[in-house]
1. Evaluate the following for D536: is it of a type in the set (D, E), farther than 29 Å from E715 by Cβ and open to solvent by less than 50 Å² (accessible area, probe 1.4 Å)?
2. Using the structure shown, decide if S477 is in a loop (DSSP other than H, G, I, E, B) and either open to solvent by less than 20 Å² (accessible area, probe 1.4 Å) or free of Cβ contacts under 8 Å to residues at least 12 places away in the same chain (or both).
3. Only residues that are under 27 Å from T504 (Cα atoms), modelled with pLDDT under 95, of a type in the set (G, A, S) and buried (at least 19 other Cβ atoms within 10 Å of the Cβ): list them for the stretch 377-418, please.
4. For the structure I just gave you, tell me whether R439 is of a type in the set (K, R), open to solvent by 20 Å² or more (accessible area, probe 1.4 Å), out of contact with any strand residue (DSSP E or B) (no Cβ under 9 Å at 6 or more places or on another chain) and not in a helix (DSSP H, G or I).
5. Let me confirm something: among E668, E686, E715, which residue is open to solvent by 40 Å² or more (accessible area, probe 1.4 Å) and part of a helix (DSSP H, G or I)?
6. May I ask you to say which residue of V244, V310 is of a type in the set (A, V, I, L, M) and not in a helix (DSSP H, G or I)?
7. Within the stretch 275-296, track down each residue that is aliphatic (A, V, I, L, M) and without any contact (Cβ under 8 Å) to a residue 60 or more places away in the chain.
8. Only one of (1) open to solvent by 10 Å² or more (accessible area, probe 1.4 Å); (2) within 17 Å of L451 (Cβ to Cβ); (3) in a helix (DSSP H, G or I) fails for A542. Which number is that?
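The values are calculated or read from the model by the stated rules, or taken from the named source; none is laboratory data. The structure displayed is predicted, hence computed values, not measured ones. Cβ coordinates were reconstructed from backbone atoms using ideal geometry, including for glycine residues, and neighbour counts include every protein chain displayed. Side chains are part of the model used for accessible areas, which takes the heavy atoms of the whole protein and leaves out ligands, DNA and RNA. Shrake-Rupley method; radii C 1.70, N 1.55, O 1.52, S 1.80 Å.
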Amino acid sequence: MPNGAATNGSAKPGRLAQRRKAVGLTQGQLAALLGVARTTVVRWERGQNQPAPWLRPKLAKALQIPADRLEELLAVPGGPGGPGGLDSSQESAAAVPRQLPATVADFTGRAAELQALTRILDDAEASPPGTVVISAIGGTAGVGKTALALHWAHKITGRFPDGQLHINLRGYDPSGNPVAPAAAIRGFLGALGVPPERVPRAPDAQAGLYRSMLADRRVLIVLDNAGDEQQVRPLLPASAGSLVLVTSRSNLGGLAAADGARLLTVDVLGHAEAVHMLTARLGSDRAAAEPDAVDRIAALCAYLPLALAVAAARAATRPRFPLAALAAELADSAGVLDVLDAGDPASSVRAVISWSTRQLGDEAARMFRLLGLHPGPDISVPAAASLAGATEAGARRLLRELARAHLIAERVPARYALHDLLRTYAAEQANDSESEPDRQAAVGRVLDYYLHTAARASPLLNPAMEPVVLASPRPGSDPVQLADYSQALTWFEAEHQVLLAASTLAAGAGFDIHAWQLPWAMTSFLRIRGYWQEWDAVQRTALAAATRLDDTAAQAMCGRLLAMACTIQGDFAEAHDRFAGSLALYQRLGDRRGEAKIEHNLAVLAGYERRYEDALRHGEHTLRLSQAIGDKRLEAEVLNSVGWYHGQLGDYQQARAFCRRSLTLCAEVDHRRLEGHAWDSLGYAEHHLGNFAEAAACYLRALSIAREGGDRYDEARGLTHLGDARQAASESALAREAWQQALAIFEDLRHAEADEVRARLTSASHQPAKSPPA
């Protein structure tokens, strides 16, 4: 008989097979213990394959031998053509497919995702056999799903000795013709060694043969670019041992629910990973010569791998051009997608995104386009409903459809975001497909939503806020009604960056009323949270819009709010000018409440400048005005200010009397934030009257109110004053603790009062710590 043509029946058992039989195991039983296919054990015993290193300890344990004896058992004489070899007909039936395409040469990053995929496989192999392992990688167009899948697949080929199958299912393809599951199965049967004449004619019979061929085998099956679950399910093995790795722009939640798939969503690269990818493609010398340009290119490409690759290729074709020139091209948002077009549809960011949007229904496609008009980094469901003029339930359904297509991402619950290149593409589509009146209507609806919700929320943060009469929201805009302080603060925190962007959009898109009213509605929040630079910036936008409208009342208010921002930031000269301008406008309008507000603001400004006699004079004038116009909230605020300035001038008895009157009126008008200010001022008076325990109790009450309201500046001032009272009571350790907390907040706010607290701590460090008196 020719060498290599021996049948299985005449093969002499190797030492591995002898040992298996000696411990009473069949090939199937040993395979089950190891979590591998029976055919894998057969191949080991024939010497056609060797166990992977990670399996050898388990194999030694199953065979009840020391690990160092395993190599001896695995040494089989003859090799593939010796004893135990296959004849030609068996070779065809046992074909080992190697269909994986090459991996990306300069694959970058994705350490967390690679670890997650490996953990899925490890967990499956450590579990009792019986389940097909399915891992579905999802993500937006151009994010590198295929690159990740192939890179990881090449790393684990040794764990699948029976081969690898791969197919591009073309679920998202310019042709619009996805691969039918039956066609994919016929291709796989050929790769598994089934001659064409043996392939059954009926599709069901082909699928059955495919599952039979995979039974008892460990095969890695990569299904790339799947359109949906229905395209994937017929390609799943029926028995354990194989791994199916799916990539798709759709969120294949149905595979997770019905088939036990483990889902992994791939996001854009981190900044460092994106820079590393660009450096690898540009060359380290060129990247090192212009590091700032490389950083900027990475950001302008939205850290999207496809965009980074196209940008690097564009730079490579122009080696004499500085990278800063490429960054400048990309910075033109109107032309960025033209720059990121390499001439091949598969390497064009615009084309690749378009293949995803073709799969959308009409309503979802319209929602996607309108999201390109929305300002800010993300959007809530109610805001999206107003943008589209839809119900909240309808908007939620459309957003979920877009999220399943990975055109938007739900990074926090019920808030959806799309990266800058997707936003640019969506805006292009809106300009192409939506009429100018329809675009303006959508922007108007969403600006109405933000303005009216903010206007309802702001008085919950500051009941003394100057009111503004708003026009009714447009049809289709449905603002939210918030219930209390906590809800209002939470809403502002979530919408903080969106509201800033909305103010800018309003000013640039011809919505000047929104451009001044939105900053007004944001004032209480920005003031409470210490976002003074933002307060300053949006009020300048607001004042410019009010001036364009020639709205005297709006100009007076915006100028006053801007002056307040200047005051708290220490720009006293501009504050004086702005207050003077607003006062003249209020007087022209005959607005006595506005005049009273300005007088009170001038008292605060004089206090910041340490001109306490002038501050007291302005405060007493404001007190008379507030009583004359019957504004009890303003009166309560001014009573506290007058008390504070009496204290600064050394009249602590008067200070205590005015602050107590303020506290009484605060309770009457339910002004919680001002109540905290009054407790702080009363604490100052008690401190300087020598009542240190009473002072500390007042400061603690003020501190509690500041923390309850999330007012960081008031919290820092309260801690500073509490530290002063503790130090005066010889409680040095407690004093330093309070000052250190205050310093941390002032430094975070970048406020000048940090220097004063720092000086207190320096002075205290030169004094011995004292314990509180017994």
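1. No; evaluated as a whole, the condition is false for this residue.
2. yes
3. Within the stretch 377-418, just A409 meets the criteria.
4. Against the criterion (of a type in the set (K, R), open to solvent by 20 Å² or more (accessible area, probe 1.4 Å), out of contact with any strand residue (DSSP E or B) (no Cβ under 9 Å at 6 or more places or on another chain) and not in a helix (DSSP H, G or I)), R439 does not qualify.
5. None of the other options fit; the residue is E668.
6. V244 is the lone residue from the list that is of a type in the set (A, V, I, L, M) and not in a helix (DSSP H, G or I).
7. Once the filter is applied, which keeps residues that are aliphatic (A, V, I, L, M) and without any contact (Cβ under 8 Å) to a residue 60 or more places away in the chain, the stretch 275-296 yields V275, L278, L282, A287, A288, A289, A293, V294.
8. Status for A542: all satisfied but (1).
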